[in-house]
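I have placed the structure first, in the form of C-alpha cells, so that the comments after it can refer back to it.
Every read-out reported here was derived from the displayed coordinates using simple, explicitly stated rules and does not represent laboratory data. The shown structure was predicted, so the numbers you read here are calculated from the model rather than taken from an experiment. We place every Cβ from the backbone using ideal geometry, glycine too, and count neighbours over all the protein chains shown.
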Amino acid sequence: MRKQIAAANWKMNLSLEKAATLMTDLLASPIELSPNQEAVFGVPFPYLTSINQQIAGKKQFSLAAQNCSNKSSGAYTGEVSVEMLKSIHVPYVIIGHSERREYFNESNAVLAEKVNICFEAGLKPIFCCGEALQIREAGTQNSYVENQLKESLFHLTAGQLKGFVIAYEPIWAIGTGKTATSEQAQEMHAHIRNVLSAKYGSEVANSISILYGGSVKAANAKEIFGQPDVDGGLVGGASLIAAEFSAIINSLK
Ligand code: PEP
C-alpha cells in the first residue's frame, strides 16, 4: 500500500515564535494517522532544528526542507547542502516547487541534479510538477507535465523511484483560492501514473505517492484525497492554521 502524505509548505512565513506556537497547536490537535500515513512539515531552514525537537517522538510526523543546493559543498554563499540537512536529521526535501522554478529559474536539468544529490545523501525528494494557466488553457498540460518528469526523473532507476513522492501542483491553483476540481486532479494524477508505468512498470508506478497541491483546505481535502490516484496533498496557505491543517491531515484516506 503506498504512503498517504499530508505535507505542509510554510514557505517564507512565520517568526520562530509563531512557528513554535503553530506546531504546539498542531500537536495538541486531535490527529489520527494510520500506519501508512504521514504528516510532513516543510519548514523554513532556520527553524528545522527547533521544530524537529518539538516533533521528536511523534513517529508519523516528519520534516522537509523547502529546497536544497544542487552542489555538494563549497563556495556557494547562501546555499544549503543535503549533507547539512542530513546532519540535522531532515528526511525530506521539496524539490522544484513552482515558486523555485519561476523566481529562481530552476530548470528541469537543475532539478534532476537536486534529485540526484538527495539520493546520494539518502534524503527523500518531494518532486513538484505542474503547469501554468496558459498551458492548461491551451490543453497541453499532459505533455508539459510528462516532459517535466522525463527531464528530471527518467534517468533514475526503478529502485530509486519505488516509493518516490511527487506533488502535482497546477500553478493556476497555488495560492489563488482556485482549486482544480477533483476530476481534474484525478485525471492528471492518473496520467502521471500511466507515464511512470510505461517507463518503469505498474509495480513501481503504483508505489509512488502522488500528492495534489493547489488551494487545498479543510473544506475540500476529503473530496480531493478521496480520488483513487491522489495520495494526499502539499498545502501552502492552509498549513499555517493549526485547525485547518489538522483537519487536512485527518482527511487522508
Ligand atoms: C504550495 O505552496 O505548494 C501550495 C499548494 O500553496 P496553496 O495551498 O496556498 O495553494
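Since only 65, 123, 182 are under comparison, the one whose Cα sits farthest along the positive direction of the charge dipole of the chain, derived from C-beta charges on Lys, Arg, Asp and Glu, is 123. For a straight C-alpha distance cut-off of 26 angstrom, the lysines reachable from residue 253 (same-chain residues fewer than eight places away being disregarded) are 3, 11, 58, 59, 124, 162, 178, 217, 222. Here the relative contact order of the chain, from alpha carbon pairs under 8 Å that lie six or more residues apart, stands at 23 percent.
Calculated FRET efficiency, residue 143 to residue 1, Cβ-Cβ distance, R0 = 41 Å: about 0.85 to the nearest 0.05. Computed about the Cα centre, the dipole magnitude for the range 4-249 is approximately 320 debye when only Lys and Arg (+1) and Asp and Glu (-1) carry charge, each at its Cβ.
How much of the DSSP bridge set in the chain is antiparallel, in percent, rounded to the nearest 5? Among the beta bridges of the chain, antiparallel pairing accounts for roughly 0 percent.
Taking only the Cα atoms of the chain, how large is their convex hull per residue, in Å³? Dividing the Cα hull volume of the chain by its residue count gives 118 Å³.
Computing FRET efficiency as 1/(1 + (r/R0)^6) for residue 198 and residue 103, where r is the C-beta to C-beta distance and R0 is 51 Å, gives about 0.95. For the chain, build the charge dipole from Cβ charges (+1 Lys, Arg; -1 Asp, Glu) around the Cα centre, then report which of 31, 240, 93 sits farthest towards its positive end. My answer, from the dipole projection, is 31. Charges were assigned to the Cβ only: +1 to each Lys and Arg, -1 to each Asp and Glu. The resulting dipole of the range 114-180 about its Cα centre is roughly 160 debye.
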